[in-house]
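Below is one structure; the comments refer to it alone.
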Amino acid sequence: MPSTRRHLLTWVPSLYLAMGLPNVMVGVVAAIIYKNLGIANEDIALYTSQMYLPWVLKPLWAPLLEAYRSKRFWVISMEFTMMASLGLVALCLPTEGFFKLSLAFFWITGFASATQDTCADGVFMTTASKTDQARYSGLQGMCWNLGAVIASGLLVSLTGWLHNQQG
């Protein structure tokens, strides 16, 4: 049975939105959460600046990914990994050792996001024709930036509201 190809508009926007959200969650929202929870500025700067490392190092493990599973597998599994790790960040915040635990879960999110970024771009490049790649490049960028806006705007507002309401 031949496989049917889904139109790019059915998956490119959500895929690139899912690439922008965790990047900002790890880099920006984490710092705001830590500030609201009373972590010293020096510690916030030291630890959150290091959380960009997965995106810097992703070329090191990117060639190994497809040898083990498909790009589609990595994209979907990393999205579930990011969902779980960000959920665990939220669950550990009220605990005594939240800082170390949440840093570990943000690191997991960062590595999952960097892996997903690599594989998602690979899925797009191997699925879309050169013409469609050019046609949808603006949409890709817009959706990635929309993810960043949602994370840095709406989610930061939500954390501020929760901090004010819940302490």
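Structure values in brief
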| read-out | value |
| --- | --- |
| Under 17 Å from the Cα of K35 - lysines, other chains or at least 8 residues apart | K100 |
| Residue of A114, A90, A30 that the Gaussian network model of the chain assigns the largest fluctuation, springs spanning Cα pairs under 10 Å | A90 |
| Accessible surface, the range 10-155, averaged per residue in Å² (probe 1.4 Å) | 52 |
| Solvent-accessible area, 1.4 Å probe, carbon plus sulfur percent, for the chain | 67 |
| Rough spin-label spacing in nm, given labels placed 7 Å along Cα→Cβ, for E96 and N145 | 4.7 |
| Radius 14 Å from Cβ of T109, net charge of other residues (Lys, Arg +1; Asp, Glu -1) | -1 |
| Net length gained if the chain between Q50 and N36 were fully extended (0.36 nm per residue, minus Cα distance) | 3.1 nm |
| Listed candidates [x] 15.3; [y] 21.1; [z] 11.3 - label of the one calculated as mean projected area of the Cα convex hull in nm² | [z] |
| Pair-distance profile P(r), taking every C-alpha pair of the range 86-135, with 5 angstrom steps and integer % | 5, 19, 17, 12, 10, 9, 8, 8, 6, 3, 1 |
| Cβ-defined net charge surrounding Y52, 14 Å radius [Lys, Arg +1; Asp, Glu -1] | 0 |
| Per-residue ³J(HN,Hα) for the range 18-31, Karplus 6.51 cos²θ - 1.76 cosθ + 1.60, θ = phi - 60°, Hz, x for Gly and Pro | 5, 7, x, 4, x, 4, 6, 4, 6, x, 10, 5, 4, 5 |
| Degrees separating the helix 130-149 axis from the principal Cα axis of the chain, which is the longest one | 10 |
| Rounded Å value of the spacing that divides the Cα centres of the range 144-167 and the range 30-64 | 18 |
| Once exposed loop trypsin sites (Lys or Arg not before Pro) are cut out (DSSP; at most 13 other Cβ, 10 Å), longest piece of the chain | 70-167 |
| Cα convex hull volume per residue for the range 49-108 (Å³) | 81 |
| Surrounding net charge for V123, when Lys and Arg each add one and Asp and Glu each subtract one, Cβ distance under 14 Å | 0 |
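The values are calculated or read from the model by the stated rules, or taken from the named source; none is laboratory data. Here the structure is a predicted model, which is why all the values come from computation and not from measurement. Backbone-built Cβ (ideal geometry, glycine too); neighbour counts: all protein chains shown. Calculation scope for accessible area: heavy atoms of the full protein, side chains included, ligands and nucleic acids excluded. Shrake-Rupley method; radii C 1.70, N 1.55, O 1.52, S 1.80 Å.
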